[in-house]
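I'd like to ask some things about the structure below.
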Amino acid sequence: MKKIAVFASGNGSNFQVIAEEFPVEFVFSDHRDAYVLERADKLGVLSYAFELKEFENKADYEAALVELLEEHQIDLVCLAGYMKIVGATLLETYEGRIINIHPAYLPEFPGVHGIEDAWNAGVTESGVTIHWVDSGVDTGKVIQQVRVPRLADDTRKSFEERIHATEYQLYPAVLESLGAEKR
């Protein structure tokens, strides 16, 4: 059975969807006050949190992450709203074992504001992408993508809600396709 860890920086809604369907070894947040840690507690999932500013540099921060992943013998890291760019230290050890979900149809609208950028560009559709993490920003090999139309009566909020609903369907499907066993 694949051992999964989820990295999240904030709310943790994608983490919750994953943890409700798959056994998650632990969740990590780079913010000690992130709501994802409360979600983990309610679901009985082990959680860890530490922040980059607590370390000398990013390499030391990521070395601590690698140590945590190795200690738990993690096979697959799922980024779910993890708002840090994965650096060389983590990639050296875990490249090919880290996936990310992005709220746009890559390569369209990479970066932090995928939904907002798509909305402001006035596109007729955007989407959701799950991809392997590489040294770029949202540039890794695509695993799966789904288009999400922008409807005539959409508000930014309703468009965003449909994109998130699509994420909640796509992440479990991709995990299953990668050999993760359901609960």
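Yes/no per residue for (1) closer than 23 Å to residue 5 by Cβ; (2) out of contact with any Ser or Thr (no Cβ under 7 Å at 6 or more places or on another chain); (3) modelled with pLDDT under 95; (4) buried (at least 18 other Cβ atoms within 10 Å of the Cβ):
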| site | (1), (2), (3), (4) |
| --- | --- |
| 117 | no, yes, no, no |
| 127 | no, yes, no, yes |
| 141 | yes, yes, no, no |
| 171 | yes, yes, no, yes |
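Here's a check for you: in segment 91-123, which residue that is in contact with a helix residue (DSSP H, G or I) (Cβ under 9 Å, 6 or more places away or on another chain) and small (Gly, Ala, Ser) is nearest to residue 137 (Cα to Cα)?
Only one residue fits best here, namely 111.
Next question, about the same structure. Here's a check for you: in segment 147-160, which residue that is open to solvent by less than 50 Å² (accessible area, probe 1.4 Å) and either touching a Phe, Trp or Tyr at 6+ places or on another chain (Cβ under 9 Å) or in contact (Cβ under 8 Å) with a residue 24 or more places away in the chain (or both) is nearest to residue 129 (Cα to Cα)? Outline the logic, then answer.
Pass one, segment 147-160, residues open to solvent by less than 50 Å² (accessible area, probe 1.4 Å): 148, 154, 158-159.
Narrowing further to those that are either touching a Phe, Trp or Tyr at 6+ places or on another chain (Cβ under 9 Å) or in contact (Cβ under 8 Å) with a residue 24 or more places away in the chain (or both): 148, 154, 159.
Details: 148: 11, 154: 21, 159: 16 Å.
Applying the filter and picking the extreme gives 148.
Can you pull out every residue in segment 32-57 that is open to solvent by 70 Å² or more (accessible area, probe 1.4 Å) and closer than 19 Å to residue 77 by Cβ?
Across segment 32-57, the qualifying residue is only 46.
Consider residue 180 carefully, then state whether it is outside any loop (DSSP other than H, G, I, E, B), more than 14 Å from the chain's Cα centre (by Cα) and under 22 Å from residue 82 (Cα atoms).
Details: outside any loop (DSSP other than H, G, I, E, B): no; more than 14 Å from the chain's Cα centre (by Cα): yes; under 22 Å from residue 82 (Cα atoms): yes.
Criteria not met by residue 180.
Residues of segment 13-24 being open to solvent by 10 Å² or more (accessible area, probe 1.4 Å) and in contact with an Asp or Glu (Cβ under 9 Å, 6 or more places away or on another chain), which ones? If you could, list the steps in order and put the result at the bottom.
Taking segment 13-24 and keeping what is open to solvent by 10 Å² or more (accessible area, probe 1.4 Å), we get 13-14, 16-17, 20-21, 23-24.
Listed by number, the residues that qualify are 13, 14, 17, 21, 23.
For segment 1-98, please list each of the helices (runs of 4 or more DSSP H) lying entirely inside it that holds at least 2 residues being within 20 Å of residue 170 (Cα to Cα) and not basic (Lys, Arg). First the steps, then the outcome.
Values: elements: 13-21, 35-43, 58-71, 88-94.
Per the criteria, 13-21.
Scan (1) at pLDDT 95 or above; (2) in contact with a strand residue (DSSP E or B) (Cβ under 9 Å, 6 or more places away or on another chain); (3) closer than 25 Å to residue 24 by Cβ; (4) surrounded by fewer than 16 Cβ atoms within 10 Å (Cβ to Cβ) for the single condition residue 77 breaks and write down its number.
In the conditions (1) at pLDDT 95 or above; (2) in contact with a strand residue (DSSP E or B) (Cβ under 9 Å, 6 or more places away or on another chain); (3) closer than 25 Å to residue 24 by Cβ; (4) surrounded by fewer than 16 Cβ atoms within 10 Å (Cβ to Cβ), residue 77 misses (4) alone.
The values are calculated or read from the model by the stated rules, or taken from the named source; none is laboratory data. Note that the structure is predicted; figures quoted are calculated from it, not measured. All Cβ positions, even for glycine, are placed from backbone atoms using ideal geometry, and neighbour counts span all protein chains on display. Accessible surface is based on the protein model in full, side chains and every heavy atom, while ligands, DNA and RNA are left aside. Shrake-Rupley method; radii C 1.70, N 1.55, O 1.52, S 1.80 Å.
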